[in-house]
Amino acid sequence: MDILPFLFWPFVASLILTGIHAYLGVHVVERGVIFVDLALAQIAALGATIAILIGMDPHGSGAYWLSLAFTFVGAAIFAFARSRRGHIPQEAFIGIAYAVASATAILAMSKATGETEHLKDMLVGNILAVDKHEVLKTALLYGAIGLFHYIFRRKFLLISTDLAEAEARGMNIRFWDFLFYASFGFVVTSSVAIAGVLLVFCYLIVPSVGAMLFADRVGRRLAIGWTMGTLVSALGVYFSVLADLPTGATIVCTFGAVLVVMFFVHLLFFHGRTAQTVRGASSLENSKHVIAQRSQ
C-alpha cells in the first residue's frame with residue numbers, strides 16, 4: 001500500500017499520454033503512416049542528443065527547444081513529402097528519416113562519453129521520475145494541442161479519412177499536413193522526455209489498432225483506445241514497481257500482451273464479420289483515381 005502514493009503522478013502522466021496519443025493514433029492509422037510517431041520521436045531524441053553533445057542540460061529548456069526545432073524540421077519534411085501522384089509512398093520518407101535520425105544520434109552519442117544513460121532514457125524513458133510540476137506543465141500543453149485539434153477537427157479528419165474529398169474542396173493539403181505534424185511534434189517532443197521513444201510509439205499505435213478490432217467509428221475507437229490505455233498504464237506501472245523492472249519497457253510489454261488478448265477475443269466473438277480496413281490507405285488510392293480522372 002505504501003507504493004500507491006509513489007505511483008500517483010506517474011499514473012496521471014500515463015493517462016495524459018493516453019488521452020492525446022490515442023486521438024492522434026486514429027489519424028496516423030487512417031493516413032497509413034504508422035511509423036510517423038516513431039520517426040518524429042527519434043528526430044526529437046536526436047535534437048536532445050545534440051543538445052547534450054554541445055553541453056546543454058538534458059533536462060533544461062535549451063535542450064527542449066532544440067529538440068522541438070528538430071521535430072519541426074521533420075514535420076516540414078513529412079508534410080511536403082506527400083506526393084500528389086503518390087509515386088513515392090510517404091512511408092518511405094518516414095522510414096528514411098527514422099533510420100538517418102537513429103544513426104546520427106548514435107554517432108553524436110559516441111562523442112559524448114559518459115552520456116549513454118541519457119540515450120537509454122530516450123529509448124525507454126523513466127516515467128516513474130516525473131513530478132507534479134512536469135505533469136501539470138505537460139497537461140496544459142496537451143490541453144492546448146487538444147483544443148487546437150478540436151477547433152479544426154473537421155479539416156484534419158477529412159484529410160485523414162478522405163483525401164480525395166479534401167482535395168476536391170480545394171484544401172491546401174500540405175499546409176494542413178504541416179500544422180498536423182507540427183502539433184504532433186509538440187506532443188512527441190514532450191512525450192519522449194517523459195516516456196521515451198518506444199513507449200510513445202505504443203501509446204500512439206496500440207490503442208488505435210486494438211480499437212479497430214471492435215469499432216469503425218472515430219468516437220467508439222477513441223472510447224476503446226482511452227479505456228485500453230488507462231488499464232494498460234495502471235497495470236504496467238504497478239507491475240514495474242512490484243517486480244522492480246524498467247517502467248517504460250514493462251508498459252510496452254503490457255501493451256503487447258493486452259493487444260494479443262484483444263485479438264483472441266475478436267477471433268472468438270467477432271469471427272466472420274467484415275474486417276476493418278485502414279481507410280486512410282484506401283482513400284489515398286481513391287484520390288489517385290480522382291486526380292487521374294480530372295487530368296484527362
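Read the figures in this text as sums done on the coordinates, not as results from a lab. A quick note: this is a predicted structure, and the numbers were derived from the prediction, not measured. Cβ atoms come from the backbone with ideal geometry, glycine included; neighbour counts cover every protein chain shown.
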(message) What's the ranking of 68-74, 181-187, 148-154, 50-56 by average number of surrounding C-beta atoms within 10 Å, highest first?
(response) 181-187, 68-74, 50-56, 148-154
(message) Are there any trypsin sites (Lys or Arg not before Pro) in the stretch 191-238 that are in a DSSP loop and have at most 11 other Cβ atoms within 10 Å? List them by number.
(response) 217
(request) Using only the Cα atoms of the stretch 3-278, build the gyration tensor, take square roots of its eigenvalues as a ≥ b ≥ c, and label the shape rounded, prolate or oblate: rounded if a/c is under 1.5, else prolate if a/b is larger than b/c, else oblate. (result) oblate
(request) Report relative contact order for the stretch 3-278 in percent, whole number only (criteria: Cα-Cα under 8 Å, sequence separation at least 6). (result) 30
